[in-house]
Amino acid sequence: MARKYTWDHTVDFVNDLDAAERTFADAGLTAKYGGKHVGHGTENALAYFGVNYVEFLTLYSKEEASAESRDTGLIYTDAAELLPEHEGFYRHGVRVNNIEERAEELHAKGIETGPIVPGNRTTADGKEIRWKLLWIVRDSKAGDNQPRYPFLLDWLEDEPTHAATLESSGLLHRHAIGEVTTRRAVWQVPDPDAVSARFSEVFEFPRTPGADPGTFDLETGDGLTWHFEAGDRNGIAALEFNAPEGKAFDVTVSGARFRSL
């Protein structure tokens, strides 16, 4: 049975895209300028690890980002509110097909969302990339101290086509240290049991006990895991990767940690 939800990428708010790219380059990793979200006030650099990727996001116009509606442009308004003071991991994007059906399913599970909205960015070579987004506003069945929930992203193409699109773009397998793939995200939350159980229910990710007592793992894609452990961050604490033998790395970009296992 095909997956309904797959961990697509992770957004990291930064003030300086060039500095993020240089930090990665010093570790043998490649992040490349992606383009502007024209009219929304933000721009990004992207680092691909297989089809899973990291999006470094910054402001080019605080005024444009602040003018967005939270229901339709939460990432832009949050960037305007949080930057420059609060850099670091923001949210995961979860890839889906048929976002309209997924929205109905989420609503039936007590998830409050904004409307489905079109997204776009213009690449450095002038190409426009389009998608559909759905922002989770609130979980009516969870407590008040909710972490930032992932958002839904529909690339408007099936999984094989999406992988082929990325491959043909030249974005994959181009790190100086060799092929690096995403392995897991580490979440630190006050109640790992409750949060992981609710995320498993909402996104239909299989859940298993973690290696350490009181921790839990969600299978979020082929070879991909979200690991939940106790902590007061109430969000994403680190991203961990598979790297070639002898090519270990452990770098921090604007408070966000990236390390190989």
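The values are calculated or read from the model by the stated rules, or taken from the named source; none is laboratory data. A quick note: this is a predicted structure, and the numbers were derived from the prediction, not measured. Don't worry about glycine lacking a Cβ; one is built from the backbone with ideal geometry, like all the others, and counts go over all protein chains shown. The accessibility values were calculated without ligands, DNA or RNA, using every heavy atom of the protein model including side chains. Shrake-Rupley method; radii C 1.70, N 1.55, O 1.52, S 1.80 Å.
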Exercise for review: Sort out which residues of the stretch 1-28 are in a loop (DSSP other than H, G, I, E, B) and surrounded by 23 or more Cβ atoms within 10 Å (Cβ to Cβ), and write them in order of number.
Suggested key: VAL14
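Quick check on this structure: which one of GLU68, GLU101, GLU55, GLU105 is open to solvent by 60 Å² or more (accessible area, probe 1.4 Å) and either over 18 Å from TRP155 (Cβ atoms) or modelled with pLDDT of 95 or more (or both)? Break it down stepwise before answering.
On the way: GLU68 fails: open to solvent by 60 Å² or more (accessible area, probe 1.4 Å); GLU55 fails: open to solvent by 60 Å² or more (accessible area, probe 1.4 Å); GLU105 fails: open to solvent by 60 Å² or more (accessible area, probe 1.4 Å).
Selected residue: GLU101, the only one of GLU68, GLU101, GLU55, GLU105 that is open to solvent by 60 Å² or more (accessible area, probe 1.4 Å) and either over 18 Å from TRP155 (Cβ atoms) or modelled with pLDDT of 95 or more (or both).
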Practice item. Sort through PHE228, PHE258 and tell me the only one that's touching a Pro at 6+ places or on another chain (Cβ under 6 Å), open to solvent by less than 10 Å² (accessible area, probe 1.4 Å), part of a strand (DSSP E or B) and not basic (Lys, Arg). Key: PHE228
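Just the residues that are closer than 19 Å to GLU179 by Cα and touching a strand residue (DSSP E or B) at 6+ places or on another chain (Cβ under 9 Å), please, taken from the stretch 8-29.
ASP8, HIS9, THR10, GLU21, THR23, PHE24, ASP26, ALA27, LEU29
Among the residues of the stretch 73-98, which ones are part of a helix (DSSP H, G or I), surrounded by fewer than 17 Cβ atoms within 10 Å (Cβ to Cβ) and touching a residue at least 40 places away in the same chain (Cβ under 8 Å)?
We begin by selecting, within the stretch 73-98, every residue part of a helix (DSSP H, G or I); these are 73-82.
This time we only want the ones that are surrounded by fewer than 17 Cβ atoms within 10 Å (Cβ to Cβ), so: 81-82.
Residue satisfying the conditions is LEU82 alone.
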Exercise for review: Scan (1) open to solvent by 30 Å² or more (accessible area, probe 1.4 Å); (2) over 17 Å from THR10 (Cα atoms); (3) among the charged types (D, E, K, R) for the single condition LYS132 breaks and write down its number.
Suggested key: (2)
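Can you tell me which residue within the stretch 205-224, out of those that are in a loop (DSSP other than H, G, I, E, B) and over 17 Å from the mean Cα position of the chain (by Cα), is surrounded by the fewest Cβ atoms within 10 Å (Cβ to Cβ)? Can you show your working first?
Start the filter on the stretch 205-224 by keeping residues that are in a loop (DSSP other than H, G, I, E, B), which leaves 205-206, 210-215, 222-223.
Checking the rest, the ones that are also over 17 Å from the mean Cα position of the chain (by Cα) come to 206, 210-215.
Numbers: PRO206: 9, GLY210: 16, ALA211: 8, ASP212: 10, PRO213: 6, GLY214: 12, THR215: 17.
Out of the qualifying residues, it is PRO213.
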Practice item. Answer yes or no as to whether ALA103 is without any contact (Cβ under 8 Å) to a residue 60 or more places away in the chain and touching a Leu at 6+ places or on another chain (Cβ under 7 Å). Key: yes
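For the structure I just gave you, tell me whether ARG184 is open to solvent by 20 Å² or more (accessible area, probe 1.4 Å) and closer than 21 Å to LEU239 by Cβ.
In short, yes.
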**Study point:** Checking VAL117 against (1) surrounded by fewer than 17 Cβ atoms within 10 Å (Cβ to Cβ); (2) closer than 26 Å to ARG259 by Cβ, the condition it does not meet
**Key:** (2)
Study note, to complete from the structure: Checked against (1) at pLDDT below 95; (2) farther than 28 Å from ALA163 by Cα, LEU261 satisfies every condition except (2)
Check your understanding: Looking at (1) under 17 Å from the mean Cα position of the chain (by Cα); (2) farther than 17 Å from PRO150 by Cβ; (3) assigned to a helix (DSSP H, G or I), which is the one condition that is false for ALA47?
Key -> (3)
